[in-house]
């Protein structure tokens, strides 16, 4: 599946059943010239995602009608719209669960509106940054039957397209681009986030790798693509070749 990018003028969807939170978030986002739409419950959030193709979703978890985790699951079945969870459920377990379900970042309430704007800006920069800024536009990274094509923003296994989010595709490209070197979690986070603004969980990369392995159908005990290096981080499991794409981007 070729990676789909939402339009830069698409709105940001803010989902919360507290009107004061919605008004506060809207004010700060609109100050940054982001267009904003809102929803007050889970079903309304899904309708807005389908109807308006938002650039990003700021999502509370405790919603009427359909809880936020269910919204994330259903949103991921619709596409790869970036999701920033904004929730009073701020424990480490809650954060890891939100990331595991497919959220791109997690900010606990009470929160700093200025920090929320930074998180939004960082997610958009990461998800909308072309993969080809790290690789040549016509370059492919090949590991066995797995191919990451920078120009086409896609990954395939044995010719079969793999539906990866922008974050997962960048993580995979970062691993393969390391030429077999083991990368620490910090190095991988730098590779997928760009500049490291915002507070990301120290172990968030483990959640991202788990999601990536599931989509690649890669067994961590006998890895074909992503290997764990104990005490360090992760590396490509096999030899990586660099090729020029034979297809136009």
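Every read-out reported here was derived from the displayed coordinates using simple, explicitly stated rules and does not represent laboratory data. Model, not experiment: these values are computed from the prediction. We place every Cβ from the backbone using ideal geometry, glycine too, and count neighbours over all the protein chains shown.
May I ask for the equivalent-ellipsoid semi-axes of the chain, computed as the square root of five times each C-alpha gyration tensor eigenvalue and listed largest first in whole Å?
The equivalent ellipsoid of the chain has semi-axes of 32, 19, 16 Å.
Determine the calculated [θ] at 222 nm for the chain from helices alone, applying -39500 (n - 2.57) to every DSSP H run no shorter than 4 residues and normalising by the residue count; nearest 500 deg cm²/dmol.
For the chain, the value works out to -12000 deg cm²/dmol.
Kirkwood hydrodynamic radius, computed over distinct alpha-carbon pairs, for the stretch 12-128: how many Å, to one decimal?
Working: mean 1/r = 0.0726 Å⁻¹.
About 13.8 Å, per the Kirkwood formula over Cα pairs.
Using only the Cα atoms of the stretch 208-249, build the gyration tensor, take square roots of its eigenvalues as a ≥ b ≥ c, and label the shape rounded, prolate or oblate: rounded if a/c is under 1.5, else prolate if a/b is larger than b/c, else oblate.
prolate
Label-point separation (nm) for residue 221 and residue 20, each offset 7 Å from Cα along Cα-to-Cβ?
5.2 nm
With a point put 7 Å past each Cα toward its Cβ, work out how far residue 242 is from residue 30 in nm, to one decimal.
Calculated label separation equals 4.8 nm.
Answer rounded, prolate or oblate for the stretch 3-73, using the Cα gyration tensor with square roots of eigenvalues a ≥ b ≥ c: rounded when a/c is under 1.5, else prolate when a/b is larger than b/c, else oblate.
oblate
Given a cut-off of under 8 Å on Cα pairs at least six residues apart, what relative contact order in percent is computed for the chain? Mind showing how you got there, number by number?
Working: 448 pairs, mean separation 42.1, N = 249.
Relative contact order, the chain: 17 percent.
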